[in-house]
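Working notes for the structure below.
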Amino acid sequence: MKPFDFVQPTTTDAVLAALVEHSSNVRILCGGTDYVVELKYVAQSPGVVVDVSRLEDLKGIELTDAGLRIGAGVTHSEIMADPLIAEHAPAMIDAAHTVGAVQTRNLGTLGGNLVTCVPSMDSGPTLLALDAQVTILGPKGTRQIDLSKFFVGVRKTALEPDELLLEVIIPKDNLGKPAGFIKFGLRKGQALALVNAASAFWVDDGKFKDVRIALGAVAPVVMRAIKAEAHLEGQAISLELIDEAAKLSIDEAKPIDDFRASKEYRNSLIEVGARRTLQAVLDLANG
Ligand SMILES: Cc1cc2nc3c(=O)[nH]c(=O)nc-3n(C[C@H](O)[C@H](O)[C@H](O)COP(=O)(O)OP(=O)(O)OC[C@H]3O[C@@H](n4cnc5c(N)ncnc54)[C@H](O)[C@@H]3O)c2cc1C
């Protein structure tokens, strides 16, 4: 590990000042479960590491006029234990539960997971299925974008070097929307996703409404299976249609072929993941 300076500001103003001052050579750290691993292998020192884990502005889970606000510094364990998440977005608990082991979940944060932006991240699919938005803070103030636009590429987000991810918001209209999450790995615990998936929809007068199917580890960024969603939208609920949509999901993904799993195997996981999560949503919607 190369030497670096380490600062622990307690206000967002101080964080932004540090990011601006050292903009060419600065990195943020929160729980450190991704970044400390990366730090061990970087050829060049990051210069200055800004620890944001003490920022009150990044903490807390609360209902606001906009919806359910989850601070970027909230840990996966906090998500799992939170009554508001359990009431309004319980699929997030299923996703958080699959992140690493208890030690990883105690330190690792939602914001860190999204900013690392690897295709296999476990927070992404459920949040995408619930149309989450993110609030970004930079020297010019805050800006809010859809999570789908936050993911730009493998390990690349819409964040500028002098910006900080502040919070994730699940819009008010989507609170309580039935949603399901599933993760497939090489073993049941402590495994990165070969494929993960989340689905959500409302049942409106016996029809699919606002259908979302989100897939992880099958493309450079967590993605929605738009054609499969459209196949269901507005149609009368049926298991046959769910089967068809699950098959269609494969067409939109671009899974890799590597030592962990073949492309064909991942394709079959996409279909199974989409089908099981859609069926789980139907079960939830039917009470
Ligand atoms: C043993 C192990 C198992 C793991 N298993 C899983 C798993 O099963 N599923 C999974 O999805 N992940 C897994 N991870 C990855 C990791 O734990 C998560 O991605 C975690 O949520 C990262 O959060 P963090 O706070 O530790 O991020 P950090 O390591 O602190 O930061 C990660 C990145 O995000 C940036 N960053 C952090 N917070 C902010 C912010 N507020 N604003 C701007 N930039 C920010 C940092 O600069 C860095 O680039 C695992 C990691 C380990 C070590």
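Is the range 258-267 home to any residue that is without any contact (Cβ under 8 Å) to a residue 12 or more places away in the chain, touching a Pro at 6+ places or on another chain (Cβ under 8 Å), among the charged types (D, E, K, R) and under 29 Å from T157 (Cα atoms)? The answer is yes, given that some residue of the range 258-267 is without any contact (Cβ under 8 Å) to a residue 12 or more places away in the chain, touching a Pro at 6+ places or on another chain (Cβ under 8 Å), among the charged types (D, E, K, R) and under 29 Å from T157 (Cα atoms).
I'd like the residue in the range 24-35 that is more than 25 Å from D122 (Cα to Cα) and surrounded by 13 or more Cβ atoms within 10 Å (Cβ to Cβ) and, out of all such residues, is modelled with the highest pLDDT. The selected residue is V26. Tell me whether the range 4-16 contains one or more residues that are within 15 Å of the chain's Cα centre (by Cα) and more than 18 Å from M121 (Cβ to Cβ). No; the residues of the range 4-16 include none that is within 15 Å of the chain's Cα centre (by Cα) and more than 18 Å from M121 (Cβ to Cβ). Meeting the requirement of 3 or more residues that are farther than 20 Å from T135 by Cβ, the strands (runs of 3 or more DSSP E) wholly within the range 162-213 are 179-184, 195-204. Which numbered condition trips up G100, out of (1) within 10 Å of the ligand (Cβ to nearest atom); (2) assigned to a helix (DSSP H, G or I)? Condition not satisfied by G100: (2). Whether any residue in the range 4-18 is within 19 Å of V115 (Cβ to Cβ), touching a residue at least 40 places away in the same chain (Cβ under 8 Å), within 13 Å of the ligand (Cβ to nearest atom) and of a type in the set (S, T, Y) is what I want to check. So far as the range 4-18 goes, yes, one or more of its residues are within 19 Å of V115 (Cβ to Cβ), touching a residue at least 40 places away in the same chain (Cβ under 8 Å), within 13 Å of the ligand (Cβ to nearest atom) and of a type in the set (S, T, Y). Considering only residues that are in a loop (DSSP other than H, G, I, E, B) and within 11 Å of the ligand (Cβ to nearest atom), which ones fall in the range 148-157? R155, the sole residue that qualifies.
Looking across the range 112-138 at every residue that is in a loop (DSSP other than H, G, I, E, B) and touching a helix residue (DSSP H, G or I) at 6+ places or on another chain (Cβ under 7 Å), the one that is farthest from the ligand (Cβ to nearest atom) is identified as D131. For the range 68-97, the set of residues classified as within 16 Å of the ligand (Cβ to nearest atom), touching a residue at least 40 places away in the same chain (Cβ under 8 Å) and not in a helix (DSSP H, G or I) consists of R69, I70, G71, A72, G73, T75, listed by residue number.
Quick grid of which residues meet (1) under 13 Å from the mean Cα position of the chain (by Cα); (2) outside the structural domain of N267 (by TED's automatic domain parsing); (3) touching a residue at least 24 places away in the same chain (Cβ under 8 Å):
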site	(1), (2), (3)
G112	yes, yes, yes
G124	yes, yes, yes
A129	yes, yes, yes
A132	yes, yes, yes
P139	no, yes, yes
R143	no, yes, no
T157	yes, yes, yes
R187	no, no, no
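Taken together, S45, S53 contain a single residue that is touching a Pro at 6+ places or on another chain (Cβ under 7 Å) and either under 27 Å from L194 (Cβ atoms) or not in a strand (DSSP E or B) (or both), which is S45. Sort out which residues of the range 87-125 are crowded, with 22+ Cβ neighbours inside 10 Å and closer than 16 Å to I170 by Cα, and write them in order of number. Once the filter is applied, which keeps residues that are crowded, with 22+ Cβ neighbours inside 10 Å and closer than 16 Å to I170 by Cα, the range 87-125 yields A89, A91, M92, A95, A96, L110, G111, L114, S123, G124, P125. Scanning the range 36-86 for residues being polar (S, T, N, Q), under 17 Å from T12 (Cβ atoms) and surrounded by fewer than 14 Cβ atoms within 10 Å (Cβ to Cβ) gives a total of 0.
Exactly one residue out of T64, T109 is polar (S, T, N, Q) and within 7 Å of the ligand (Cβ to nearest atom), and it is T109.
The values are calculated or read from the model by the stated rules, or taken from the named source; none is laboratory data. None of the values given here were measured: they were computed from a predicted structure. Virtual Cβ from ideal backbone geometry, glycine too; neighbours counted across all protein chains shown.
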